[in-house]
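Taking it in order: structure first as structure tokens, then the write-up.
The values are calculated or read from the model by the stated rules, or taken from the named source; none is laboratory data. Since the model is a prediction, treat every value here as computed from it, not as a measurement. Here the Cβ positions follow ideal geometry from the backbone for every residue, glycine too, while neighbour counts run over all protein chains shown.
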């Protein structure tokens, strides 16, 4: 059931954590996780706080306890049992050491990523005719680098944030070409409120793609036309995603307010473009250079986008008022993927999206150890736990795209949001 709290003015700048109200208004603009904190003003943030924050953050929180705050009264009928059981499971996982990473495993994978990038350059040096294979190696290197930066910036490898951000800047900035601050702001909002309109920018894909008919009533003629084509155009749109992300993250590092260590961010991005564009000099003609650049960029976009799209985009899209408690929301908007035999590495731990969203700071190599307990938790509370094969998941996404495309063709289409998720 959706959770609604009292619209009391004294609660507007507060969040509720473990039954206590905290005035976080002065901290909101400096919040390391970005402005997503403001989405929880006047709401309960117990689950999301526990999922993302360390013991040090909890100590800092004590000094923000609200004074003379009114009693917090949840909407009648809302049950906290699932959150209580989820919190107990999180503590059980902590006591079992499931939040402790195998650092050697992650750095070994980092060496594998660097090896893929170097092998791409080596193939170009060996023979210009090897450029397709070199482009494939580079695209895989970028994709795997994205998963690795994802691990570090979620603090799933190191407990200390400065260490995580330094390594994240190496893999995410210099090798991958993404701004760390851009990624953290965007991705933390996605994790806190996945598939929630107006918050999760990963679902803001119009005018080119839409995964819900509720986008149509306010869509213009051009948007409706483009959405009619989306069962086909989804492939080039996803293929071009990496180029879009690289440009967007660079502009963020240049123009966004309050970017910490802006000079370092820009230096890592310049370094990325220096070596990645410098690789083009290894090819003898501009025709081969353009072909190599386009194929590497587009394959990387497909490799990254295909993993994300099957984990979220066939799941319900919600309004902010419909967002459930933390645990229930994560389970409702994510799904696991049964990776083809021998291909689990391709998904970078995101084949177990449900476990990752429930425990974002848990190292990916421990997700399998908590999976059975998560299933049991969902079953006990009547929550659907979704796990499908990769091919089946791609078909699910295709069906959603076709359904919205058909609705876009229909004239005067205005479907009520309540009927969308059948």
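Summary of computed values
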{"read-out": "Residue count for segment 186-212, restricted to those that are assigned to a helix (DSSP H, G or I) and either at pLDDT 90 or above or not assigned by TED's automatic domain parsing to the domain that holds residue 307 (or both)", "value": "4"}
{"read-out": "Condition broken by residue 360, with the remaining ones in (1) over 29 Å from residue 136 (Cα atoms); (2) assigned to a helix (DSSP H, G or I); (3) in contact (Cβ under 8 Å) with a residue 60 or more places away in the chain satisfied", "value": "(2)"}
{"read-out": "Residue list for segment 322-344, restricted to those being in contact with a strand residue (DSSP E or B) (Cβ under 6 Å, 6 or more places away or on another chain), crowded, with 20+ Cβ neighbours inside 10 Å and part of a strand (DSSP E or B)", "value": "336"}
{"read-out": "Any hit, segment 233-242, residues being modelled with pLDDT under 95 and more than 22 Å from the chain's Cα centre (by Cα)", "value": "no"}
{"read-out": "Subset tally (residues that are farther than 18 Å from residue 394 by Cα and at pLDDT below 95) for segment 268-325", "value": "8"}
{"read-out": "Candidates 256, 219 - the one that is out of contact with any strand residue (DSSP E or B) (no Cβ under 6 Å at 6 or more places or on another chain), at pLDDT below 95, closer than 30 Å to residue 48 by Cβ and assigned by TED's automatic domain parsing to the domain that holds residue 348", "value": "256"}
{"read-out": "Condition met for residue 303 (more than 28 Å from residue 109 (Cα to Cα) and either part of a helix (DSSP H, G or I) or out of contact with any helix residue (DSSP H, G or I) (no Cβ under 7 Å at 6 or more places or on another chain) (or both))", "value": "no"}
{"read-out": "Test: residue in segment 131-144 that is within 19 Å of the chain's Cα centre (by Cα), closer than 23 Å to residue 355 by Cα and modelled with pLDDT of 95 or more", "value": "yes"}
{"read-out": "Tally of residues being crowded, with 18+ Cβ neighbours inside 10 Å and part of a helix (DSSP H, G or I) across segment 307-321", "value": "5"}
{"read-out": "Residues being crowded, with 20+ Cβ neighbours inside 10 Å and outside any helix (DSSP H, G or I) - total across segment 139-167", "value": "4"}
{"read-out": "Residue 284 assigned to a loop (DSSP other than H, G, I, E, B), in contact with a helix residue (DSSP H, G or I) (Cβ under 9 Å, 6 or more places away or on another chain) and either over 23 Å from residue 332 (Cα atoms) or assigned by TED's automatic domain parsing to the domain that holds residue 399 (or both)", "value": "yes"}
